[in-house]
Amino acid sequence: MNFKDFINPGIESIQPYEPGRSLDEVIQEFNLSKVIKLASNENSLGASKKALEIVQSAKDLHYYPDGSGEALKKVISEHENIAKEQIILGNGSNEVLELAAAAFLNSETEAIFSEHAFVVYKLASKVRGCKFHEVPAKNFGHDLDSFKNYINDSTRVIFIANPNNPTGTYNTHAQVHNLLSSIPDHVLVVLDLAYFEYVEAEDYVKPYELLNEFNNLLLTRSFSKAYGLPALRIGFGVGHPELIEILNRIRQPFNVNTIAQKAAIAAIEDQAHIKQSIENNSMQKQYLQSELTRLGLTSLESQGNFIAVKVPIPGRDMFNKLMKEGVIVRPIDLYGMPDYIRVTIGAPAENKFFIQILEKVLN
Ligand SMILES: Cc1ncc(COP(=O)(O)O)c(C=O)c1O
């Protein structure tokens, strides 16, 4: 017997998270002069210039960060029109998802999420050794009406990605409201809003209306997507102050670094950049969708900054072929979608290059 025989239950079957390939890696491996990365749903317009200035002029690094992130929480509370006590900062919104799992899931409890849902829900559940249900998807989207059928006395957390990654599908306000109205109070709903800013659907959730009505709700938001700061790892959760207080008990004291806190303030204050990023996404989504149709490919309608595209060869083979030609996308076989690739909606020149290479690979 050695330490490896005593790994916590649930962890044996976990595969390490497969991140998108980096530009440097691919340039070196394939000896290419031009490579574009459309693999991790980043903002191709980059971060706000104001946020970049903060990073470039960083000082006082010998002090610990403000452990409660007061200045940033104040700016978030004003921008979102919520109380500071409703906010928890995370090292990426990913950490807030993890905190919810750490607080409520263990080997005697259960979690619910959808087939094709963002993979972190499954990882966080497995690590806690809890039982989890992957509810069959409906047209690749979360079938919230059926979620109710999986609830029992041991259910603690329901994860909903809205919009979901990698499908880009979303749930309406009415669907989420119906679910919240019909579940017992002992179940916490975690509504993951990482791509919130990009959504165009008019019947999309109004999260703060839900929060006013339901205490068993945690919203998670990210600075990694439209805000363009994934390298700094910062996000936040919003919920009832009692829920936030519980999550704060298990949060690492200095989970969000000083530069990330300050850059996030600058990014919120630069709404012009967010507006431009959203407009680019909307226009380029239309461009990509019409070009994909021209190439005879179908794709899922997306509310995010990425599109899941059905390809005529296995998605992983298509990923490899595109990579050799200098375009990094994402295979999503591990999400139960072996015939698809996921492509981030980039800047105009990137999308054009992607289409050009895709056309070459298809012929
Ligand atoms: C649906 C969804 N939720 C959460 C995250 C985590 O984002 P972050 O931790 O960078 O805020 C991602 C990242 O890709 C995502 O796609």
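Flag set for LYS138, criterion: over 19 Å from PRO9 (Cβ atoms) and among the basic types (Lys, Arg). Here PRO338 does not qualify as under 22 Å from ASN43 (Cβ atoms), more than 16 Å from the ligand (Cβ to nearest atom) and either modelled with pLDDT of 95 or more or touching a Phe, Trp or Tyr at 6+ places or on another chain (Cβ under 9 Å) (or both). When you look at ILE76, is it within 16 Å of the ligand (Cβ to nearest atom), assigned to a strand (DSSP E or B) and aliphatic (A, V, I, L, M), yes or no? Against the criterion (within 16 Å of the ligand (Cβ to nearest atom), assigned to a strand (DSSP E or B) and aliphatic (A, V, I, L, M)), ILE76 does not qualify. Just to be sure before I move on: is PHE223 among the aromatic types (Phe, Trp, Tyr), under 18 Å from the mean Cα position of the chain (by Cα), surrounded by 21 or more Cβ atoms within 10 Å (Cβ to Cβ) and within 9 Å of the ligand (Cβ to nearest atom) in the structure I sent? Against the criterion (among the aromatic types (Phe, Trp, Tyr), under 18 Å from the mean Cα position of the chain (by Cα), surrounded by 21 or more Cβ atoms within 10 Å (Cβ to Cβ) and within 9 Å of the ligand (Cβ to nearest atom)), PHE223 qualifies.
Tallying residues that are assigned to a loop (DSSP other than H, G, I, E, B) and either in contact (Cβ under 8 Å) with a residue 40 or more places away in the chain or under 22 Å from GLU95 (Cβ atoms) (or both) within region 199-214 yields 4.
Which helices (runs of 4 or more DSSP H) does region 224-300 wholly contain that include 1 or more residues that are under 25 Å from GLY20 (Cβ atoms) and touching a helix residue (DSSP H, G or I) at 6+ places or on another chain (Cβ under 6 Å)? So the answer is 258-269, 271-294. Residue selection: PHE104 satisfies the criterion of being at pLDDT 95 or above and more than 19 Å from PHE196 (Cα to Cα). Taking the criterion of being surrounded by fewer than 14 Cβ atoms within 10 Å (Cβ to Cβ) and of a type outside the set (Phe, Trp, Tyr), the residues of region 11-24 that qualify are ILE11, GLU12, SER13, ILE14, GLN15, PRO16, GLU18, PRO19, ASP24. Each residue in region 337-349 was checked for being assigned to a helix (DSSP H, G or I) and either under 18 Å from GLU25 (Cβ atoms) or aliphatic (A, V, I, L, M) (or both), and 1 pass. Looking only at region 114-126, decide whether some residue is free of Cβ contacts under 8 Å to residues at least 60 places away in the same chain, outside the structural domain of SER40 (by TED's automatic domain parsing) and farther than 23 Å from TYR170 by Cβ. The answer is no, given that none of the residues of region 114-126 is free of Cβ contacts under 8 Å to residues at least 60 places away in the same chain, outside the structural domain of SER40 (by TED's automatic domain parsing) and farther than 23 Å from TYR170 by Cβ. When every residue of region 323-336 is checked against the conditions, none turns out to be small (Gly, Ala, Ser), surrounded by fewer than 21 Cβ atoms within 10 Å (Cβ to Cβ) and in a helix (DSSP H, G or I). Per the listing GLU209, GLU291, GLU242, the residue uniquely closer than 17 Å to LEU193 by Cβ and charged (D, E, K, R) is GLU209. Whether any residue in region 12-31 is within 24 Å of GLN284 (Cβ to Cβ), in contact with a Gly (Cβ under 9 Å, 6 or more places away or on another chain), part of a loop (DSSP other than H, G, I, E, B) and within 16 Å of the ligand (Cβ to nearest atom) is what I want to check. No; the residues of region 12-31 include none that is within 24 Å of GLN284 (Cβ to Cβ), in contact with a Gly (Cβ under 9 Å, 6 or more places away or on another chain), part of a loop (DSSP other than H, G, I, E, B) and within 16 Å of the ligand (Cβ to nearest atom).
Examine region 228-239 for a residue that is more than 20 Å from the chain's Cα centre (by Cα), more than 11 Å from the ligand (Cβ to nearest atom) and in the same structural domain as VAL187 (by TED's automatic domain parsing), and state whether such a residue exists. The answer is no; no qualifying residue exists. Restricting attention to region 122-143, report how many residues are out of contact with any strand residue (DSSP E or B) (no Cβ under 7 Å at 6 or more places or on another chain) and either among the charged types (D, E, K, R) or closer than 23 Å to ALA103 by Cβ (or both). Number satisfying all stated conditions: 7.
The values are calculated or read from the model by the stated rules, or taken from the named source; none is laboratory data. Just so we're clear, the structure is a prediction, and the values are computed from it rather than from any experiment. Using ideal geometry, Cβ is built from the backbone for each residue, glycine included, and neighbour counts are taken over all protein chains shown.
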